[in-house]
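Notes for the one structure printed next.
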Amino acid sequence: MKKIIVSACLLGSPCRYDGKSKPCNEVISLSNCYELIPVCPEMLGGLKTPRIPAEIKGDRVIRKDGIDVTENYKIGAKKSLEIAKEQNCKIAILKEKSPSCGCGLVYDGTYTKTLINGNGITADLFLKNGIKLINERELKKLNEDNSE
């Protein structure tokens with residue numbers, strides 16, 4: 001069975017900044033065809049749950065209270081990549097808009113819910129290491145590429 005790395009919050013783990021999860025039934029149902037490997041890069045990077053929200057501003061990740069947590073995000077991204085490599089995952093399903101997992105769109109660092117083109121820290125590292133990214137609204141892409 002092929003393995004896919006997945007943002008743990010999409011599988012129902014209450015690991016988001018607000019202490020909640022964002023379970024996605026379409027993602028959860030993939031467990032019938034794939035082995036889903038959950039990761040939460042923020043928690044792997046040493047951040048607690050719940051935590052103060054953070055957004056990407058330039059090349060840094062800054063909490064709403066102004067504290068720079070970039071290093072935590074980088075550590076979590078590296079640990080997530082290690083897990084993906086250990087498990088031989090070629091695909092990742094990541095939570096959109098997240099400063100860790102966002103792929104394609106992230107918040108702009110102004111805390112005004114403004115989205116900009118870009119990737120979260122983990123998503124960017126995955127891309128640089130050849131892992132295909134899909135967010136929870138793009139699951140049809142799993143069927144588009146049978147070479148994975």
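The values are calculated or read from the model by the stated rules, or taken from the named source; none is laboratory data. The structure presented is a predicted model; accordingly, all values stated were derived computationally and were not measured. When we count neighbours, we look across all protein chains shown, and the Cβ atoms used for this are built from the backbone with ideal geometry, even at glycine.
Values as computed for the structure displayed
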{"item": "Checking K48 against (1) closer than 20 Å to K128 by Cα; (2) out of contact with any Gly (no Cβ under 6 Å at 6 or more places or on another chain); (3) in a loop (DSSP other than H, G, I, E, B), the condition it does not meet", "result": "(1)"}
{"item": "Evaluation of K78 against (1) touching a residue at least 12 places away in the same chain (Cβ under 8 Å); (2) within 24 Å of L30 (Cα to Cα) (one fails), failing number", "result": "(2)"}
{"item": "Of residues in segment 117-136 being at pLDDT below 95 and over 20 Å from A8 (Cα atoms), the one surrounded by the most Cβ atoms within 10 Å (Cβ to Cβ)", "result": "G118"}
{"item": "Residue in segment 85-102 that is outside any helix (DSSP H, G or I), without any contact (Cβ under 8 Å) to a residue 12 or more places away in the chain and of a type in the set (G, A, S) present", "result": "no"}
{"item": "Some residue of segment 1-10 being assigned to a loop (DSSP other than H, G, I, E, B), aliphatic (A, V, I, L, M) and at pLDDT below 95", "result": "yes"}
